[in-house]
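Notes for the one structure printed next.
The values are calculated or read from the model by the stated rules, or taken from the named source; none is laboratory data. Here the structure is a predicted model, which is why all the values come from computation and not from measurement. Please note: Cβ atoms are built from the backbone with ideal geometry, for glycine as well, and neighbour counts cover all protein chains shown. The accessibility values were calculated without ligands, DNA or RNA, using every heavy atom of the protein model including side chains. Shrake-Rupley method; radii C 1.70, N 1.55, O 1.52, S 1.80 Å.
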Amino acid sequence: MKHFLLSLIFFCFVLPVGMIAQPEYHVEGKVYTSLEKALAEPDSVVRLKLRRKGYDAFPPEIFQFKNLKELDLGNNRISSIPPNIGELEKLEILVLERNKFTSVGKEIGTLRRIRYLDFGMNNIQALPHEMGKLINLEFLQIWGNEITALPPSMEKLENLKWLDMRTIIL
């Protein structure tokens, strides 16, 4: 009986967790990891990864990259999204994990093409109603935050395929 219970626990809980792989999201193109190098070819910048650079805010130079589709600002000290984030009209992937966010402003709703949004491991208390405007969103990572409720507008996210809420108790 003990062997049966251990097997049941393994097959129902342990095995499925290991089998579910997080989907990969990226766009094609050269990855720029230096703002200086990217500024030398602003029209060519499609992918920009500026992890662990010590930024306290979005570098304003980012808005020169009109073809930017993937932006990774993970592991910095950023605490807010700039009001003009919607100027990055082609942005599909935004990684802001492990920053200093305590809230997400309504400007997030201006990212109409966003498919992948990662706010994991911040100190976010709540998500704004404008999350429901992200109609192309497929992947949302909010694990490791202090969120206690999801906005009802998120019911509109018909394309959402993956919602990572590990450690969140609603």
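Condition first: surrounded by 15 or more Cβ atoms within 10 Å (Cβ to Cβ), farther than 18 Å from Glu61 by Cα and of a type in the set (Asp, Glu). Can you find one or more residues in the range 86-93 that meet it? Yes, some residue in the range 86-93 is surrounded by 15 or more Cβ atoms within 10 Å (Cβ to Cβ), farther than 18 Å from Glu61 by Cα and of a type in the set (Asp, Glu). Taken over the range 105-124, the criterion of being in a loop (DSSP other than H, G, I, E, B) and open to solvent by 10 Å² or more (accessible area, probe 1.4 Å) is satisfied by Gly105, Arg112, Arg113, Arg115, Met121, Asn123.
Only a single item in (1) modelled with pLDDT under 95; (2) out of contact with any Lys or Arg (no Cβ under 9 Å at 6 or more places or on another chain) is not met by Pro23, and it is number (2).
Out of Leu91, Leu140, I need the residue that is closer than 23 Å to Asn76 by Cβ, assigned to a loop (DSSP other than H, G, I, E, B) and touching a strand residue (DSSP E or B) at 6+ places or on another chain (Cβ under 9 Å). Which one? If you could, list the steps in order and put the result at the bottom.
Working: Leu140 fails: assigned to a loop (DSSP other than H, G, I, E, B).
Testing whether each residue is closer than 23 Å to Asn76 by Cβ, assigned to a loop (DSSP other than H, G, I, E, B) and touching a strand residue (DSSP E or B) at 6+ places or on another chain (Cβ under 9 Å) leaves just Leu91.
Counting the residues of the range 125-137 that are outside any loop (DSSP other than H, G, I, E, B) and surrounded by 20 or more Cβ atoms within 10 Å (Cβ to Cβ) gives 1. Looking at the structure I just gave you, is Ile147 of a type in the set (Val, Ile, Thr), in a loop (DSSP other than H, G, I, E, B) and open to solvent by less than 10 Å² (accessible area, probe 1.4 Å)? Yes; evaluated as a whole, the condition is true for this residue. Here Trp162 meets each of (1) aromatic (Phe, Trp, Tyr); (2) under 18 Å from Arg47 (Cα atoms); (3) surrounded by fewer than 18 Cβ atoms within 10 Å (Cβ to Cβ) with one exception, condition (2).
Could you please let me know if Thr110 is hydroxyl-bearing (Ser, Thr, Tyr) and more than 18 Å from Phe63 (Cα to Cα)? Considered against the rule, which asks whether it is hydroxyl-bearing (Ser, Thr, Tyr) and more than 18 Å from Phe63 (Cα to Cα), Thr110 comes out as no.
Look at Leu94 and say whether it is of a type in the set (A, V, I, L, M) and within 23 Å of Glu36 (Cα to Cα). I'd like the intermediate steps shown before the answer.
Values: of a type in the set (A, V, I, L, M): yes; within 23 Å of Glu36 (Cα to Cα): yes.
Yes; evaluated as a whole, the condition is true for this residue.
Considering only the range 29-77, how many residues are within 24 Å of Lys133 (Cα to Cα) and either open to solvent by less than 40 Å² (accessible area, probe 1.4 Å) or modelled with pLDDT under 95 (or both)? Number of matching residues: 12.
Considering the conditions (1) open to solvent by 60 Å² or more (accessible area, probe 1.4 Å); (2) within 15 Å of the chain's Cα centre (by Cα); (3) within 18 Å of Thr33 (Cα to Cα); (4) polar (S, T, N, Q), Ser80 is excluded by exactly one of them, (3).
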